Amino acid sequence: MSTQIAVRLPDEMVAFLDRSVATGKAPSRAALVASAVEREMRRLAAEQDAQILRTQGAADELDDLVEWTGTHAVLED
């Protein structure tokens, strides 16, 4: 599902969107804006993850399993 919204952007940003569409780097203005918003959402989530790691540390219940697998796993061709 999607919702149409109206957004005001500076002229240089609109020109960038239009150039990106005209050169085939983006299928549409909306697609490029959606991609940028998704990237920002991932960045903010990564910042939250980094904050959790800073405050709680990286150790979790899977560390022992990862270590064991790294020394015992057999990869077949």
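From Ala45, Ala34, Ala26, grab the single residue that is of a type in the set (A, V, I, L, M, F, W, C), assigned to a loop (DSSP other than H, G, I, E, B) and either touching a strand residue (DSSP E or B) at 6+ places or on another chain (Cβ under 6 Å) or at pLDDT 95 or above (or both).
Details: Ala45 fails: assigned to a loop (DSSP other than H, G, I, E, B); Ala34 fails: assigned to a loop (DSSP other than H, G, I, E, B).
So the residue among Ala45, Ala34, Ala26 that is of a type in the set (A, V, I, L, M, F, W, C), assigned to a loop (DSSP other than H, G, I, E, B) and either touching a strand residue (DSSP E or B) at 6+ places or on another chain (Cβ under 6 Å) or at pLDDT 95 or above (or both) is Ala26.
Just a yes or no: is a residue in the range 56-70 out of contact with any Pro (no Cβ under 7 Å at 6 or more places or on another chain), loosely packed, with under 10 Cβ neighbours inside 10 Å, outside any loop (DSSP other than H, G, I, E, B) and among the small types (Gly, Ala, Ser)?
The answer is yes; a qualifying residue exists.
Please state which of the following conditions Ala6 fails to meet, knowing it meets all the rest: (1) over 22 Å from the mean Cα position of the chain (by Cα); (2) modelled with pLDDT under 90; (3) outside any helix (DSSP H, G or I).
Status for Ala6: all satisfied but (2).
I need the full set of residues from the range 9-23 which are surrounded by 11 or more Cβ atoms within 10 Å (Cβ to Cβ) and outside any loop (DSSP other than H, G, I, E, B), in order please.
From the range 9-23, those surrounded by 11 or more Cβ atoms within 10 Å (Cβ to Cβ) are 9, 13-21; that's our starting set.
Listed by number, the residues that qualify are Met13, Val14, Ala15, Phe16, Leu17, Asp18, Arg19, Ser20, Val21.
In the range 34-56, which residue that is among the charged types (D, E, K, R) and over 19 Å from Leu9 (Cβ atoms) is nearest to the chain's Cα centre (by Cα)? Even if it seems obvious, please write down each step before you answer.
So the first thing to find is which residues in the range 34-56 are among the charged types (D, E, K, R), and the list is 38-40, 42-43, 47, 49, 54.
Next, from what is left, pick out any that are over 19 Å from Leu9 (Cβ atoms): 42-43, 47, 49, 54.
Details: Arg42: 4, Arg43: 6, Glu47: 11, Asp49: 13, Arg54: 20 Å.
Top of the filtered list is Arg42.
The values are calculated or read from the model by the stated rules, or taken from the named source; none is laboratory data. Nothing here was measured: the structure is a model prediction, and the numbers come from that model. Virtual Cβ from ideal backbone geometry, glycine too; neighbours counted across all protein chains shown.
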